[in-house]
Amino acid sequence: MTIDPLTEPSTLRADGLALRFGGTRALDGVSLRLTRGVTGLLGPNGAGKTTLLRVLATAVPADDGRFTALGHDPRTAAGRLALRRELGYLPQTPGFHPDFTAFEFVDYVAILKELTDRGARHREVRRVLDAVDLSDVRGKRLKRLSGGMRQRVALAAALVGDPGFLVLDEPTVGLDPEQRMRFRDLIAQAGEGRTVLLSTHQTEDVAMLCHRVVVLAGGRVRFEGTPAELTARAAGRVWSSAERAPGALAGWRTGMGTFRNIGAPPAGADLLEPTLEDGYLLALDGESAEVTA
Amino acid sequence: MRDDGVEAKEMEAAQVTADARRDTATLLRPLLVPVWRTLPRRALTIAGAVGLLLAASTRLPDHAPGAGPGLFVLRLTALSGALGLAFLLDDPARNTSATTPVARPLRTVLRLAMALPLTALWWTTALLLVPSPTRPPLLPVTLQAAATTAAALALATVAVRFTDSPEVGRSTAICLLTGAAVAVLTPNRWGLLATPADPWWEPTQLRWAAVLGVTLAVCALWTPEPLGQGLLRRTATTSGR
């Protein structure tokens, strides 16, 4: 399914979300729009990604601002309940009851998602465990599973009940390359017909999965648009040099022994094809902190 | 004339609330077994066993006779039980189940409904283990035990409400022990640890009743999930931000 970000209606609208912890502004007036499909949330450590996801997942209320998701306003008890009924949330550090088996744990979450009919619930639990490729170990206690397997159990718990809005906080952390590919496939499938917000440090996750991307830094949105638009911002601003370029915003040695630099290139520089990562690094720079429509 | 949009929203909200009430009743049965399994059984068992051993120690032949030593032992027994209950709200899966429609308060109430009758039975057993000549007045000592238990639950409730920590039992137990130490160091005339022989025994019972009332109010106030941040703020404990 192809999603046109220009014509797709918004399923989530956030305006001026703010939240502080003590003297720290974790979110500083975040406004954004989400549509169906997978939106990537990029940002450095401490950018406010996890806090934003926790607010949008109704785990913590914002100090200021508002948002509606799938038509529900979580500032009322009824609105929050209605949104939670359509929500799947994979936290950054998912917790488990270690003595539960994978099946029992996802079944418990399914009950908490109000799936009361035992037969239908068990079918749903088997479906999501199968989707994350854990059918073979569903009878194993969680304390006996590897970190990657437990991460998949948490994803299964988020997927149970077929939620319309999925919030995934760094789901590929700690996974080996094969598991990461499998996860990408799962998330791409989940994005068909659903609104998925995916926080990650991996620009390649965004490049492969997302039809839109939001860059967050210092609790503020630095960029909102398509991955192609983010990449295009770096066009003409990436160059190669034999030595580290002193005026570059960032530069690093490549495997070829040359330096890849981003910023304002000197005259006659050997320009390179930009990547999403180049665009992301430029978006983090203060001068480029404008938001594209 | 009322706006149609507002009316439609109110009707939707009423429907959601009605659904929630119906669903809560339907949900209790499937929730019972998993919630029972999430209880911190090890902490509760150890605390309960220690408490009963303490109470049983009054039956040893060399135990000092009289209500004073009996009261001291039963206070230690109550503290032991409260230390176990400090772990009642521990939930290792808190992050994973934080945003489900069946919210944390319902699970908390279920845990309390499972643990408190057993606690009452345990306390009755502890009282019966103390021989009649050593046993202090039952109502005052039970009031003190109830207040100590409520204090443990109130501390745990506050820790859950204002932090993101999934396991608050350890910090709650430390706070409870600190409170107990403060109570011991406070002069009996103004404190909580008078004996029946003291002239200020009656005012002490009023203080215990006040502790019970305040701690129950804290539990009632901060168990529900907030819709806004409120004046008292939570702290961030996640690794990210």
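Without any contact (Cβ under 8 Å) to a residue 40 or more places away in the chain and closer than 19 Å to A:T50 by Cα: does that describe A:T116? No, not satisfied.
Look at the range A:104-117 and say how many of its residues are more than 7 Å from chain B (Cβ to nearest Cβ), in a helix (DSSP H, G or I) and not acidic (D, E). Looking only at that region, the number is 3.
The combined condition, being among the charged types (D, E, K, R), touching a helix residue (DSSP H, G or I) at 6+ places or on another chain (Cβ under 6 Å) and within 9 Å of another protein chain (Cβ to nearest Cβ), is not fulfilled by A:D63. Does the range B:104-124 include one or more residues that are in a loop (DSSP other than H, G, I, E, B) and surrounded by fewer than 23 Cβ atoms within 10 Å (Cβ to Cβ)? Within the range B:104-124 (the criterion being in a loop (DSSP other than H, G, I, E, B) and surrounded by fewer than 23 Cβ atoms within 10 Å (Cβ to Cβ)), the answer is no, since none of the residues qualifies.
Listed by first and then second residue, the pairs linking a residue in the range B:186-206 that is touching a residue at least 12 places away in the same chain (Cβ under 8 Å) to a residue that is surrounded by 15 or more Cβ atoms within 10 Å (Cβ to Cβ) and charged (D, E, K, R), with Cβ atoms under 7 Å apart and 6 or more places separating them unless they lie on different chains, are B:L192/B:R207. Evaluate the range A:80-103: report whether one residue or more is touching a helix residue (DSSP H, G or I) at 6+ places or on another chain (Cβ under 9 Å), more than 9 Å from chain B (Cβ to nearest Cβ) and on the phi > 0 side of the Ramachandran plot. Checked against the condition, which is being touching a helix residue (DSSP H, G or I) at 6+ places or on another chain (Cβ under 9 Å), more than 9 Å from chain B (Cβ to nearest Cβ) and on the phi > 0 side of the Ramachandran plot, the range A:80-103 yields no hits at all. For the range A:143-163, residues that are out of contact with any strand residue (DSSP E or B) (no Cβ under 7 Å at 6 or more places or on another chain) and assigned to a helix (DSSP H, G or I) total 11. Residues considered: A:L12, A:L70, A:L17, A:L41. Of these, the only one that is more than 8 Å from chain B (Cβ to nearest Cβ) and on the phi > 0 side of the Ramachandran plot is A:L70. Of everything in the range B:35-47 that is within 10 Å of B:L110 (Cβ to Cβ) and assigned to a helix (DSSP H, G or I), the residue that is farthest from the other protein chains (Cβ to nearest Cβ) is B:W36.
Throughout, read-outs are computed from the coordinates displayed, never taken from laboratory work. In this text, all values refer to a predicted model and were calculated from it rather than measured experimentally. When we count neighbours, we look across all protein chains shown, and the Cβ atoms used for this are built from the backbone with ideal geometry, even at glycine.
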